[in-house]
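Report on one structure; see the data block that follows.
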Amino acid sequence: MADPAAKQQERLAALLQEGRTFPPPEEFRRQANIRDVKVYEEAQRDLEGFWGAQAERLDWFKRWDKALEWNAPWAKWFVGGKLNAAYNCVDRHARSERRNKAAILWEGEPGDSRVLTFGMLEREVNRFANALKSLGVKKGDRVAIYLGMVPELAIALLACAKIGAPHSVVFGGFSAESLRERIQDAKAKILITGDGAWRRGNVVPLKHHADEAIQGAPSIEHVVVVERVGKAAHAAMKEGRDFWWHELVAQASDQCDPEAMDAEDLLYILYTSGTTGKPKGVVHTTAGYLLGVSTTHRMIFDIKENDVYWCTADIGWVTGHSYIVYGPLANGCTTLMYEGSPDYPDRDRFWSIVAKYGVNVLYTAPTAIRTFMRWGAEWPAKHDLSSLRLLGTVGEPINPEAWIWYHENIGHERCPIVDTWWQTETGMILISPLPGLTATKPGSATRPFPGIEAEVLDERGRRVGPGAGGYLVLTRPWPAMFRTIYGDPDRYVNQYWSRYEGKYFTGDGAKVDEDGYFWLLGRVDDVMNVAGHRISTYEVESALVDHSAVAEAAVIAKAHDVKGQAIAAFVTLKEGVQPTEELKAGLKQHVANKIGAIARPEDIFFTPELPKTRSAKIMRRLLRDIAEGRVLGDTTTLADPAVISKLKQQYEEEGKGE
Ligand code: PRX
């Protein structure tokens, strides 16, 4: 055991280093794609000119008439242009000298692997696009995808894009009920799933979940099943409704003309958690999205022709959509996909993959870095990481201690780190260093990308001064911005564009320092960020009150050393129900069954009453104070202040609800 005092000192020392800045290493700067700081000024002066010039890198079937039509909050980019996202990601490279270059390097969890060159990927995408057509899928039909990280997942996205059928990917860790809700909202016609998925050597029964989900989702006409696990998955096929992927593609032609899509045609829907109500379908369209993700990918990750690039996210989230599939492939870049967990079979799996494939650029999450820190530097030290040139992080604020650990133990003090801030809604990275230009400060995402304008405002919409906290807003449109919430344009307007007239409200707190650097401070709404996953308190509360023993529940996120935040639930039980340990475990499992394991509460605490204001609003702020062991904040608006002091005492006596 490390001496706690020494540990504390170490932590303090690391925090003090927050003041250090890290200019781009000379060797890196010399070879960087973006070396001229004028890029910021140019984009600032002529936004349409800047993006228009970048758009020349894409292949268009018809050139656009106008780069931007902006009637806040409605944006149209590249009006009149026609193109196809899959053609840009695959076909055009397959017809160039990149034909036999690796497009996807895939590493399976059990140790199997697959390489798809651009030429092979083109044929696979075409075969599956034709298979979809044979099942009656037409331009505009929505296709739901619920798979593990297998190559077919990327192929499915691209096949949908090829024929103009918007995809809606649902993360394979979500429950049957979450899947059903998303299928229903999008009214998807086809569901693509797997017999199962590998996770730490165990089987996730995807097909079982899918079968359960589509009871009550009548829009689904057919299910396509990728065989990954085999017998161990015990997947049952329904005659006439379900088809094996490999049987469909065996009969399909490998030629398929791309659908000429309008620049503003729907490319995909991706559901994410909001503050209230059900998950929202974030809508991304074709040209602006593809341009935004490919441009940021090239500039921020400094992509070179022979790079092997690895983003460790799951394609079930936006990071995987933008920076495993669309961004890298549009750039003709080799993208690596890993199926499994970082600790299977051992805690050095990531580092063995970096060494095995000679990864040059690695993009991962702070929660993963903190996990690696806990496991110890001996795991990465076993492997040759000298191929790495650049490191990235995304998903939550990175604490300086984790930044420094990443810099020293993975980047060997040689690789710049890009801390990238963005959201499902923004589609592309918006705040990040440009690694050949920007001096980085551990914990800061640094500056808005060229052409992006961000501000930090107070409640009344005034800009706050250096160092003061406020609300992060964006004041200019960007090409990959979401266009609406699927089927709910009012929610798009009200939730994002109404708090400050004509400005995009991010839901994040931030401060700007004297150098104009942005420091992200986490969500200011009821959205939690647990291990980089976005979950709303409302969803978890709904799942809890759905249990027959529960009368009322209040859910909060409390600070957690590894996950960033962890879910804590305060629960009142119905009359006569006994507050037992078994019930606690049962409630945790119930939430996992309803939403998915990512939403399982860490702590559940039974209380006879919840602290409420006189207008019966639960005061979550005070619950957070209790869960994080702080002195209680202002309690004067409570209907009965005695409730909270009793609750605090009880919480401390019972040892943090466990
Ligand atoms: O709070 C911010 C946090 O993640 C939220 C967006 O979550 P999601 O839509 O799931 O997308 C995650 C991947 C893009 C943001 O509102 N966040 C994301 N990146 C950062 C971050 N917070 C601080 N620093 C970041 N680099």
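A single member of Lys231, Lys207, Lys187, Lys162 is over 16 Å from Val150 (Cα atoms) and in contact with an Asp or Glu (Cβ under 8 Å, 6 or more places away or on another chain), and it is Lys162.
Among (1) crowded, with 22+ Cβ neighbours inside 10 Å; (2) free of Cβ contacts under 8 Å to residues at least 60 places away in the same chain, which single condition is Lys189 missing? Condition not satisfied by Lys189: (1). For segment 400-415, the condition holds for at least one residue, the condition being that it is closer than 20 Å to Cys311 by Cα, within 13 Å of the ligand (Cβ to nearest atom) and of a type in the set (A, V, I, L, M, F, W, C).
Table: residues versus (1) of a type in the set (D, E, K, R); (2) more than 25 Å from Glu212 (Cα to Cα); (3) without any contact (Cβ under 8 Å) to a residue 60 or more places away in the chain.
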position: Glu539; (1), (2), (3): yes, no, no
position: Lys563; (1), (2), (3): yes, yes, no
position: Ala568; (1), (2), (3): no, yes, no
position: Val577; (1), (2), (3): no, yes, yes
position: Lys594; (1), (2), (3): yes, no, no
position: Asp603; (1), (2), (3): yes, yes, yes
position: Leu610; (1), (2), (3): no, yes, yes
position: Leu623; (1), (2), (3): no, yes, no
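Scanning segment 259-318 for residues that are closer than 22 Å to Thr393 by Cβ, in a loop (DSSP other than H, G, I, E, B) and of a type in the set (D, E, K, R) turns up Asp302, Lys304, Asp307, Asp314. Looking across segment 567-618, the residues that are assigned to a strand (DSSP E or B) and of a type outside the set (A, V, I, L, M) come down to Phe570, Thr572, Gly596, Asp603, Phe605, Phe606, Lys612, Thr613. Residues of segment 206-226 being surrounded by fewer than 23 Cβ atoms within 10 Å (Cβ to Cβ) and either closer than 15 Å to Phe171 by Cβ or among the small types (Gly, Ala, Ser) (or both), which ones? Correct list: Gly216, Ala217, Ser219. Taking every residue in segment 65-79 that is closer than 14 Å to Thr475 by Cβ and pairing it with any residue that is surrounded by fewer than 19 Cβ atoms within 10 Å (Cβ to Cβ) and not aliphatic (A, V, I, L, M), at least 6 positions away or on another chain, the pairs with Cβ-Cβ distances below 8 Å are Ala72/Trp497; Ala72/Gly502; Pro73/Trp497; Pro73/Gly502; Ala75/Glu69. Taking the criterion of being at pLDDT below 95 and in contact with a Leu (Cβ under 6 Å, 6 or more places away or on another chain), no residue of segment 1-59 qualifies. No other residue among Ile324, Ile353, Ile369, Ile315 is more than 16 Å from the ligand (Cβ to nearest atom) and hydrophobic (A, V, I, L, M, F, W, C) apart from Ile353.
Out of Lys617, Lys584, Lys612, one residue alone is of a type in the set (D, E, K, R) and modelled with pLDDT of 95 or more. It is Lys584. For segment 485-506, residues that are surrounded by 21 or more Cβ atoms within 10 Å (Cβ to Cβ) and not in a helix (DSSP H, G or I) total 5.
In the condition set (1) more than 16 Å from the ligand (Cβ to nearest atom); (2) surrounded by 24 or more Cβ atoms within 10 Å (Cβ to Cβ), Leu385 is compliant with all but (2).
Taking the condition more than 16 Å from the ligand (Cβ to nearest atom) and under 30 Å from Arg30 (Cα atoms), does Ala330 pass? Break it down into steps so the answer makes sense when it comes.
Numbers: more than 16 Å from the ligand (Cβ to nearest atom): yes; under 30 Å from Arg30 (Cα atoms): yes.
Against the criterion (more than 16 Å from the ligand (Cβ to nearest atom) and under 30 Å from Arg30 (Cα atoms)), Ala330 qualifies.
The values are calculated or read from the model by the stated rules, or taken from the named source; none is laboratory data. Keep in mind that what you see is a predicted model, and the values were worked out from it rather than measured. For neighbour counting, all protein chains shown are included, and Cβ atoms are generated from backbone atoms with ideal geometry for every residue, glycine included.
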